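Everything below concerns the one structure shown next.
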2 protein chains.
Amino acid sequence: MAEKLVKDITSMDEDFAQWYTDIVTRAELIDYSSVKGCMIIKPAGYALWENIQKELDRRFKETGVENVYMPLFIPESLLQKEKDHVEGFAPEAAWVTMGGSEPLTEKLCVRPTSETLFCDFYKNIIHSYRDLPRNYNQWCSVVRWEKTTRPFLRSREFLWQEGHTIHATYEEAEERTVRMLNVYADFCREVLAIPTIRGRKTDKEKFAGAEATYTIEAMMHDGKALQSGTSHNFGDGFAKAFGIEFTDKDNTLHTAYQTSWGLSTRIIGAIIMVHGDNDGLVLPPRIAPVQVVIVPIQQAKEEVMAKAGELKDRLKNFRVKLDDSDRRPGFKFAEQEMRGFPLRIEIGPKDIEAGHCVVVRRDTREKITADLEGIEEFVGRLLDQIHEDMYRRAKEHLDSCIYDAKSYDEFKDIIENKPGFVRAMWCGDVECEDQIKADTTATSRCMPFEDQERISEVCVCCGRPAKHLVYWGKAY
Amino acid sequence: MAEKLVKDITSMDEDFAQWYTDIVTRAELIDYSSVKGCMIIKPAGYALWENIQKELDRRFKETGVENVYMPLFIPESLLQKEKDHVEGFAPEAAWVTMGGSEPLTEKLCVRPTSETLFCDFYKNIIHSYRDLPRNYNQWCSVVRWEKTTRPFLRSREFLWQEGHTIHATYEEAEERTVRMLNVYADFCREVLAIPTIRGRKTDKEKFAGAEATYTIEAMMHDGKALQSGTSHNFGDGFAKAFGIEFTDKDNTLHTAYQTSWGLSTRIIGAIIMVHGDNDGLVLPPRIAPVQVVIVPIQQAKEEVMAKAGELKDRLKNFRVKLDDSDRRPGFKFAEQEMRGFPLRIEIGPKDIEAGHCVVVRRDTREKITADLEGIEEFVGRLLDQIHEDMYRRAKEHLDSCIYDAKSYDEFKDIIENKPGFVRAMWCGDVECEDQIKADTTATSRCMPFEDQERISEVCVCCGRPAKHLVYWGKAY
């Protein structure tokens, strides 16, 4: 049975896409529904999202963010107020045209994102400098009518948080935009053990209606990029379109400045594709719904179950599951591997006699004999160690899959033959981005914050003077 | 300024409906949106919902419930599978008919409730007795195209949780149905300080598709009823309609049994209308986003702010806000009253000198001089006391507004002249319910669990032999 469980996963080297699909279904994260492109998030998947929510929500609130809830629907006229925004989102909008048995006088868009609703709200509540700033966030689902869909990565409905803030000055908005990007990057590093590259999107890739979009880009095991969180500075574009003005201290009227920032269930796709292996999920300990599974060996023996129960009680500061089902230990081991629980503790009569237990790491398969005395501290330290090791391995993978290209031939060769990101200089023109995408399917991921090296003086595509260093890659 | 804040609320004795509307907007719980019938839940309102979620979610999980997330949309053909269900919900469904620029081949209903989606899911995952029971819940928003709407009480979109469970036997489903009703009743009593009457709905008032609906009914300050949570036993009706079968231990095929149960943001309406008064909200301490607001008196004095800050630190086990804004104390007092924070602590130079502070209860306005020494325990005890007192007053109000009617004239006289519930016997026929509603606008609220008294042998409406004791009342 244990054997069978494992064999049902396609090897990631053979077919990465199929490996991914196998994992999301076999680890019971999702199920497909009758509604094309919409997934059912099952308990194991939703528990991940709950832990992500808890951690992020705490971090947001520490920066003074308050949660609200906006309507699910956007009247067509409201969506149309900001020109770039409607152009970006109308093509993939789902429209409600009937309420009960009657046609609506104005059709309603099921929110793909809520900038327009927040603007409409701000217009009512922002009058004076005393009303600023406002730092709002909402946890909700959004809808985008995608043609091709994949669980977590691209679905017609997904769960996310969308933060929306409004400020008196451009500088304050910019400061908030970068601050929230850093919250995402810190969260990925400290909680998900995922290293990311922070940077600015090119105009072609930025959010519809934004002045600047910042992004964190993570690298999946197959070398592809996954945009894992974005933060947008809108300048006063939306405020002008919606007429959001406030009286400043000097009694003059000013336009306000806005930001928005979001992270979605897509990040679960990143967890799978950064950490997973050929036996299943490998969950970062700080987000794992079950951190430790205790598997009693020869559980029919009374002293085994008593000791296993005692162990569970002692580990109460962790998320522990005692698997006392009537399935065989081998099956339970395979389940731990498939579901990615960071630690498994095996305890049987011989262990009890010797005063120890066997601890098995999911990430390395390492088996450790650990004294029962002091097991609480041991498990705590080990979970931290697993987190650090998982981060280090992901960082090494990221670093080892970044290549420099000075010529276009070199660029094309790398994209075709080496999974990963390419660092190359760019002139700043969208024509070169379009050309590169047409030739290689790679897109500009970001103009990095930290990495300002000028690896060449000319654009890798057109040879004209270069303006920016850009990370390029194939992306989900 | 303090005066002004208070005067803006209509007195509840003058116009209860207007009082309610004044509270929800002036206490900044909601704002109206451009989308007719959909509300914006502002931070003070959403924080209440977050605390409700946290408490209920914990109680659900203690009974073995797991959270999931189902799609927002229901294909028309799926909604139509259970006859009573579609009849109940189709008339108020919102329909998505366009995805992007293309008409859909099958229109999609924005979920009004998710029984049909869960059934579709169960059909895929339930095969053997080993797959049962499943105890699922989801937190989400649902849409019902109501004609007349009121904040929290009836809106086109609202937030709720919907639990859905599936079992091998009718008895197990019934046990779960009653268990979850009791979770709601306990939550209302222990957390919201709201007494409720538990009972069964008549067939006329039960959920579309349910075999039995159980309800908790609360009494608002104006004597009207608010259905505050419901739990449904579906028997095997849905399972038969969807073909959900499992192989039992004896290797024979059986139909499964289901339940669902829900509580929504409507409960915030109950909190307002059970506890509020003419100066604003009165929040039950265990749900209040701010339990204690500290108002420094003569805050320009350094020692005042130091002591106020120290007090805040010492009360860190409570949800405490230190109001150090530059507004005058009177304004801050009025704000505490409007927003319903259970306790206000005033601390000024004289208090500090005397080693005490002034604690003011929101519910009774009582001012208490309390020693700074031991203030943590004092505040903890006082918050518990406030909870108990609020519950007791609400219970006294409920008990004092229940009247018995043995004749139909008596019944009509009470409904017309006395706010509250009427206890009266009923023959069990829907014709009498219809007649009573037509004559008095009162509806049957429930056939109570605890209260089995037969106050007469005949139906209060038709005079035929009585079957059930029923609580009747006007309702929100």
- Message: I need the full set of residues from region A:117-175 which are modelled with pLDDT under 95, of a type in the set (D, E, K, R) and within 20 Å of the chain's Cα centre (by Cα), in order please.
- Response: A:146
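Does residue B:27 fit the bill of being farther than 30 Å from residue A:86 by Cβ and either in contact with a helix residue (DSSP H, G or I) (Cβ under 9 Å, 6 or more places away or on another chain) or not assigned by TED's automatic domain parsing to the domain that holds residue B:146 (or both)?
Values: farther than 30 Å from residue A:86 by Cβ: yes; either in contact with a helix residue (DSSP H, G or I) (Cβ under 9 Å, 6 or more places away or on another chain) or not assigned by TED's automatic domain parsing to the domain that holds residue B:146 (or both): yes.
So residue B:27 passes the test.
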- In region B:73-100, residue surrounded by the most Cβ atoms within 10 Å (Cβ to Cβ) [restricted to those that are closer than 16 Å to residue A:96 by Cβ and more than 7 Å from chain A (Cβ to nearest Cβ)]: B:74
- Reported set for region B:392-407 where residues are in a helix (DSSP H, G or I) and surrounded by 13 or more Cβ atoms within 10 Å (Cβ to Cβ) is B:393, B:394, B:395, B:397, B:398
- Counting residues that are buried (at least 19 other Cβ atoms within 10 Å of the Cβ), which strands (runs of 3 or more DSSP E) fully inside region A:279-391 reach at least 1? A:292-296, A:320-322, A:343-347, A:356-361
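Rundown of residues vs (1) in contact (Cβ under 8 Å) with a residue 24 or more places away in the chain; (2) within 27 Å of residue A:38 (Cβ to Cβ); (3) assigned to a loop (DSSP other than H, G, I, E, B), yes/no style:
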position: A:58; (1), (2), (3): no, no, no
position: A:89; (1), (2), (3): yes, yes, no
position: A:98; (1), (2), (3): no, yes, no
position: A:105; (1), (2), (3): no, no, no
position: A:108; (1), (2), (3): yes, yes, no
position: A:113; (1), (2), (3): yes, yes, yes
position: A:118; (1), (2), (3): yes, yes, no
position: A:123; (1), (2), (3): yes, no, no
position: A:130; (1), (2), (3): no, no, no
- Query: Can you pull out the residues in region B:60-72 that are within 23 Å of the chain's Cα centre (by Cα) and either facing another protein chain (nearest Cβ under 7 Å) or closer than 18 Å to residue A:38 by Cα (or both)?
  - Reply: B:66, B:67, B:68, B:69, B:70, B:72
- Can residue A:291 be described as touching a Leu at 6+ places or on another chain (Cβ under 7 Å) and more than 25 Å from residue A:476 (Cβ to Cβ)? yes
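Quickly run through region A:101-130 and pick out the residues that are among the acidic types (Asp, Glu) and at the interface with chain B (Cβ under 8 Å from one of its Cβ atoms). Lay out the reasoning, then the answer.
If we filter region A:101-130 for residues that are among the acidic types (Asp, Glu), which is where we start, we get A:102, A:106, A:115, A:120.
Result: A:120, single match.
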- Task: Spot the failing condition for residue B:262; the list is (1) surrounded by fewer than 24 Cβ atoms within 10 Å (Cβ to Cβ); (2) under 29 Å from residue B:374 (Cα atoms); (3) out of contact with any helix residue (DSSP H, G or I) (no Cβ under 6 Å at 6 or more places or on another chain), and only one is missed.
- Result: (2)
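Yes/no matrix, rows are residues, columns are (1) under 33 Å from the mean Cα position of the chain (by Cα); (2) in contact (Cβ under 8 Å) with a residue 40 or more places away in the chain:
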position	(1), (2)
A:290	yes, yes
A:297	no, yes
A:303	no, yes
A:338	yes, yes
A:342	yes, yes
A:352	no, yes
A:356	no, no
A:360	yes, no
A:372	no, yes
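Yes or no: residue A:30 touching a residue at least 60 places away in the same chain (Cβ under 8 Å), buried (at least 21 other Cβ atoms within 10 Å of the Cβ) and within 21 Å of residue B:135 (Cα to Cα)?
Values: touching a residue at least 60 places away in the same chain (Cβ under 8 Å): yes; buried (at least 21 other Cβ atoms within 10 Å of the Cβ): yes; within 21 Å of residue B:135 (Cα to Cα): yes.
Criteria met by residue A:30.
Yes/no per residue for (1) in the same structural domain as residue A:66 (by TED's automatic domain parsing); (2) not hydrophobic (A, V, I, L, M, F, W, C):
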position: A:193; (1), (2): yes, no
position: A:198; (1), (2): yes, yes
position: A:219; (1), (2): yes, no
position: A:224; (1), (2): yes, yes
position: A:297; (1), (2): no, no
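Sort out which residues of region A:131-143 are touching a Lys or Arg at 6+ places or on another chain (Cβ under 7 Å) and at the interface with another protein chain (Cβ under 9 Å from one of its Cβ atoms), and write them in order of number. Give the steps one after another, and end with the answer.
To start, the set of residues in region A:131-143 that are touching a Lys or Arg at 6+ places or on another chain (Cβ under 7 Å) comprises A:142-143.
Result: A:143, single match.
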- Note on the structure: Given the conditions (1) out of contact with any strand residue (DSSP E or B) (no Cβ under 7 Å at 6 or more places or on another chain); (2) more than 12 Å from chain A (Cβ to nearest Cβ), every one holds for residue B:27 apart from (1)
- Specify which of the listed residues (B:96, B:65, B:110, B:86) is under 30 Å from residue B:290 (Cβ atoms) and either in the same structural domain as residue B:207 (by TED's automatic domain parsing) or touching a Ser or Thr at 6+ places or on another chain (Cβ under 9 Å) (or both). B:65
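Would it be correct to say that residue A:169 is away from every other protein chain (no Cβ under 13 Å), touching a helix residue (DSSP H, G or I) at 6+ places or on another chain (Cβ under 8 Å), more than 22 Å from residue A:21 (Cβ to Cβ) and not acidic (Asp, Glu)? Give the derivation first.
Values: away from every other protein chain (no Cβ under 13 Å): yes; touching a helix residue (DSSP H, G or I) at 6+ places or on another chain (Cβ under 8 Å): no; more than 22 Å from residue A:21 (Cβ to Cβ): yes; not acidic (Asp, Glu): yes.
Judged against the criteria, residue A:169 is not a match.
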- Note on the structure: Checked region B:328-371 for anything under 18 Å from residue B:279 (Cβ atoms) and hydroxyl-bearing (Ser, Thr, Tyr); matches are B:364
- Message: Going residue by residue through region A:234-252, is there one that turns out to be in a helix (DSSP H, G or I), within 16 Å of the chain's Cα centre (by Cα) and over 18 Å from residue A:136 (Cβ atoms)?
- Response: no
- Query: Residues of region B:392-439 being touching an Asp or Glu at 6+ places or on another chain (Cβ under 7 Å) and farther than 13 Å from residue B:469 by Cα, which ones?
  - Reply: B:412, B:419, B:430
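Among the residues of region B:419-438, count how many are part of a strand (DSSP E or B) and acidic (Asp, Glu).
Of the residues in region B:419-438, the ones part of a strand (DSSP E or B) are B:421-426.
Pick out the ones that are also acidic (Asp, Glu) and you get none.
Result for region B:419-438: 0.
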- Quick one: count up the residues across region B:132-148 that are in a strand (DSSP E or B) and among the hydrophobic types (A, V, I, L, M, F, W, C). 4
- Total residues in region A:429-442, condition within 21 Å of residue A:453 (Cβ to Cβ) and in contact with a helix residue (DSSP H, G or I) (Cβ under 9 Å, 6 or more places away or on another chain): 3
- Task: Run residue A:47 past the list (1) at the interface with chain B (Cβ under 10 Å from one of its Cβ atoms); (2) touching a helix residue (DSSP H, G or I) at 6+ places or on another chain (Cβ under 9 Å) and report the number of the one that doesn't hold.
- Result: (2)
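Among the residues of region B:30-44 satisfying the criterion of being more than 7 Å from every other protein chain (Cβ to nearest Cβ) and not in a loop (DSSP other than H, G, I, E, B), which is farthest from residue B:142 (Cα to Cα)?
Ranking the qualifying residues of region B:30-44, first place goes to B:44.
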- Item | Checking residue A:222 against (1) assigned to a strand (DSSP E or B); (2) more than 18 Å from residue A:88 (Cα to Cα); (3) touching a residue at least 40 places away in the same chain (Cβ under 8 Å), the condition it does not meet | (1)
- Task: State which residue is surrounded by the most Cβ atoms within 10 Å (Cβ to Cβ) when the search covers only region A:439-466 and only residues that are under 21 Å from the mean Cα position of the chain (by Cα) and assigned to a strand (DSSP E or B).
- Result: A:446
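The values are calculated or read from the model by the stated rules, or taken from the named source; none is laboratory data. Just so we're clear, the structure is a prediction, and the values are computed from it rather than from any experiment. Note that each Cβ is placed from the backbone with ideal geometry, even for glycine, and that neighbours are counted across all protein chains shown.
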